[in-house]
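Asker: Let me give you the structure first, and then I'll get to my questions.
The values are calculated or read from the model by the stated rules, or taken from the named source; none is laboratory data. Keep in mind it's a predicted model, so treat the numbers as computed, not measured. In this analysis, Cβ positions are derived from the backbone assuming ideal geometry, glycine residues included, and neighbour counts consider all displayed protein chains. Areas reflect the complete protein model, heavy atoms only, side chains present, ligands, DNA and RNA absent. Shrake-Rupley method; radii C 1.70, N 1.55, O 1.52, S 1.80 Å.
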Amino acid sequence: MQAELFCINAACGARYGINEVLYNCTRCGGLLEARYEFGHPDTEALKRTWRERRMSNAPLDQSGVWRYRELFPFINFDAGDDRHIVTLREGNTPLLNGPRAASYGGLDRITFKHQGFNPTGSFKDNGMTAGVAQARRLGMQRVACVSTGNTSASMAAYASAGGLEPLIFIPHGNISYGKLAQALEYGAKTFQVEANFDQILALVRVLAERLGIYLLNSINPFRIEGQKSIVIEMMDQRDWKVPDWIVLPGGNLGNTSAFGKGLREMHELGLIDRLPRLAVVQAEGASPFYAYMQKRGQTPFIPTEHPETLATAIKIGDPVSWPKAQFEVETTNGVVERVTEQEIADAKAIIGQAGIGCEPASAATLAGIRKLTAAGVIAPDADVVAVLTGNVLKDPDYIYRYHTGQLKGPGDCPIHPNFGNRPVVVPNDADRIGELIR
Ligand code: F0G
């Protein structure tokens, strides 16, 4: 199976071998993507094989990424490349129904694909197992990323598990303690930089080049390969029945790129019979992609210089993957929406009340769905899958503040606990507590 890196810029189309350490096209600076000659596999046989692997005790079969390895042939199993793979049994995340959340979103029904069930609690694990495998294939010893928290938690775990040295760069004071704690616990060398995500990414790119460190941000095309598995597993779990919409939050736009690529490949191979529409939702204070797509083609992409949102995971003003994301949104006839801090906070509480829970960025999905159904873009009877990207425990501080009415958005703007659930302080007195419960 031939695998190559291609510049996505159609006017350039430069090609590179997959053993080169590259993140951008050296000719035009464009983004790179892995492409394969898949040939014409027997799709029914593939689907059966993937099902059978679920019964297997082999570590790579148990991975919700490598179970689908035929679609990630940059790892050549026949040549023994699989020895480089580090799996923590990523993926295998459930599809969950949330009837109350559906009615809040203006839908008859909704399905959540909850990536927070991953080993480090976010969808980054799907990509990281692939990125770390490629790092090890290339013989790299150090890996680095800038992160709003989840990428760093995931990279720390996979790199340490694979005997690599993880170096993490995070915006000082701007990531949740849950995520920072994970990076420390998983043994990453952690630098808290006094700059925002976009500024630190530029810094880390210089350091990676200078020190020969492998960069594992989503600009790395192999991370995107791994994240394709989220939609592949989703279709497998739905018996290959394509939903009308897949809704996801947008930050650096790597996941949007990965979903689009995975869907296109499945469609081209005949694994699915049509493409679902992608709906990408950004936080209002960090929504350059929304702004750009509103006036598509008429204005250049303008980064948000000072992104602001309490959903720190998506607090990104200059998303590197926007050209890929634009292509994927357009290919799927998708849309981009933006939501306020209050809308995110309330949607998050509703997802919590459904017994599901997620971190703030993930709740942008339900908030966006509510707006899109109200605007008539998504029909009430549409078949919608919302991807919850991170676990509820990633940001407990946000939760406590919301429920106790102490949450304040950018510019100290108060967020009302419309679905708040304040803890009650009581005396050690059964009669009084009994009264309160009655
Ligand atoms: N949701 C969560 C929970 C995230 O952590 C991220 C990104 C996104 C959504 C947005 O995904 O960047 O692919 O558009 N977090 C990155 C990080 C930036 O560093 O952990 P995207």
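Asker: Here is a list of conditions, (1) out of contact with any strand residue (DSSP E or B) (no Cβ under 9 Å at 6 or more places or on another chain); (2) open to solvent by 90 Å² or more (accessible area, probe 1.4 Å), and GLY39 meets all of them except one; can you say which number that is?
Answerer: Only one criterion is unmet by GLY39, namely (2).
Asker: Continuing with this model, one more query. Out of the stretch 105-120, which residues are out of contact with any Leu (no Cβ under 7 Å at 6 or more places or on another chain) and either without any contact (Cβ under 8 Å) to a residue 60 or more places away in the chain or open to solvent by less than 40 Å² (accessible area, probe 1.4 Å) (or both)?
Answerer: GLY106, LEU107, ILE110, ASN118, THR120, listed by residue number.
Asker: Of all the residues that make up the stretch 191-206, how many are part of a strand (DSSP E or B) and open to solvent by 40 Å² or more (accessible area, probe 1.4 Å)?
Answerer: Total satisfying the criteria: 2.
Asker: Please verify whether LEU211 is within 15 Å of the ligand (Cβ to nearest atom), surrounded by fewer than 16 Cβ atoms within 10 Å (Cβ to Cβ), farther than 23 Å from THR120 by Cβ and more than 14 Å from the chain's Cα centre (by Cα), treating the condition exactly as stated.
Answerer: Criteria not met by LEU211.
Asker: Restricting the stretch 308-322 to residues that are part of a loop (DSSP other than H, G, I, E, B) and open to solvent by 10 Å² or more (accessible area, probe 1.4 Å), which is farthest from the ligand (Cβ to nearest atom)?
Answerer: GLU308
Asker: Checking ILE75 against (1) within 30 Å of LYS113 (Cα to Cα); (2) modelled with pLDDT of 95 or more; (3) open to solvent by 30 Å² or more (accessible area, probe 1.4 Å), which test does it fail?
Answerer: (3)
Asker: While we're here: Would you tally the residues in the stretch 1-35 being surrounded by fewer than 15 Cβ atoms within 10 Å (Cβ to Cβ) and of a type in the set (D, E, K, R)?
Answerer: 3
Asker: Return the residues of the stretch 133-155 that are away from the ligand (no atom under 16 Å from the Cβ), more than 10 Å from TYR214 (Cβ to Cβ) and open to solvent by less than 10 Å² (accessible area, probe 1.4 Å); say none if nothing qualifies.
Answerer: So in the stretch 133-155, the residues away from the ligand (no atom under 16 Å from the Cβ) come out as 133-142.
Still in the running and more than 10 Å from TYR214 (Cβ to Cβ): 133, 137.
ALA133 - this is the single residue of the stretch 133-155 that is away from the ligand (no atom under 16 Å from the Cβ), more than 10 Å from TYR214 (Cβ to Cβ) and open to solvent by less than 10 Å² (accessible area, probe 1.4 Å).
Asker: Next up: Would it be correct to say that GLY105 is closer than 14 Å to PHE222 by Cα and modelled with pLDDT of 95 or more? Even if it seems obvious, please write down each step before you answer.
Answerer: On the way: closer than 14 Å to PHE222 by Cα: no; modelled with pLDDT of 95 or more: yes.
Considered against the rule, which asks whether it is closer than 14 Å to PHE222 by Cα and modelled with pLDDT of 95 or more, GLY105 comes out as no.
Asker: Give the number of residues within the stretch 393-412 that are open to solvent by 40 Å² or more (accessible area, probe 1.4 Å) and touching a helix residue (DSSP H, G or I) at 6+ places or on another chain (Cβ under 7 Å).
Answerer: Qualifying residue count for the region: 4.
Asker: May I ask you to list pairs of residues, at least six apart or on different chains, whose Cβ atoms are under 9 Å apart, with the first in the stretch 377-392 being over 27 Å from GLY127 (Cβ atoms) and in a loop (DSSP other than H, G, I, E, B) and the second being modelled with pLDDT under 95 and not small (Gly, Ala, Ser)?
Answerer: Short answer, once both residue conditions are applied: none.
Okay, residues lined up against (1) touching a residue at least 60 places away in the same chain (Cβ under 8 Å); (2) open to solvent by less than 10 Å² (accessible area, probe 1.4 Å); (3) assigned to a helix (DSSP H, G or I); (4) among the aliphatic types (A, V, I, L, M):
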site: PRO243; (1), (2), (3), (4): yes, yes, no, no
site: ALA279; (1), (2), (3), (4): yes, yes, no, yes
site: LYS324; (1), (2), (3), (4): yes, no, yes, no
site: GLU337; (1), (2), (3), (4): no, no, no, no
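Asker: OK, next. Contact list please: Cβ distance under 9 Å, first residue in the stretch 175-198 and without any contact (Cβ under 8 Å) to a residue 60 or more places away in the chain, second residue part of a strand (DSSP E or B) and among the hydroxyl-bearing types (Ser, Thr, Tyr), pairs at least six apart or on different chains.
Answerer: LEU180/THR190; ALA183/THR190; LEU184/THR190
Asker: Return yes or no: is LEU88 surrounded by 24 or more Cβ atoms within 10 Å (Cβ to Cβ), touching a residue at least 24 places away in the same chain (Cβ under 8 Å), hydrophobic (A, V, I, L, M, F, W, C) and in a loop (DSSP other than H, G, I, E, B)?
Answerer: no
Asker: Moving to a separate point now. Scanning the stretch 156-170 for residues that are open to solvent by less than 10 Å² (accessible area, probe 1.4 Å) and within 12 Å of the ligand (Cβ to nearest atom), which turns out nearest to ARG89 (Cα to Cα)?
Answerer: Among those that are open to solvent by less than 10 Å² (accessible area, probe 1.4 Å) and within 12 Å of the ligand (Cβ to nearest atom), it is ALA156.
Asker: Kindly indicate whether any position in the stretch 291-299 is aromatic (Phe, Trp, Tyr), more than 22 Å from GLY127 (Cα to Cα) and surrounded by 18 or more Cβ atoms within 10 Å (Cβ to Cβ). Write out each step before concluding.
Answerer: Looking only at the stretch 291-299, we keep the residues that are aromatic (Phe, Trp, Tyr), and these are 292.
Then keep just the ones that are more than 22 Å from GLY127 (Cα to Cα); that gives 292.
Narrowing further to those that are surrounded by 18 or more Cβ atoms within 10 Å (Cβ to Cβ): 292.
Within the stretch 291-299, one or more residues are aromatic (Phe, Trp, Tyr), more than 22 Å from GLY127 (Cα to Cα) and surrounded by 18 or more Cβ atoms within 10 Å (Cβ to Cβ).
Asker: So ILE302 clears everything in (1) open to solvent by 10 Å² or more (accessible area, probe 1.4 Å); (2) of a type in the set (Val, Ile, Thr); (3) closer than 21 Å to ASP125 by Cα except one condition, right? Which one?
Answerer: (3)
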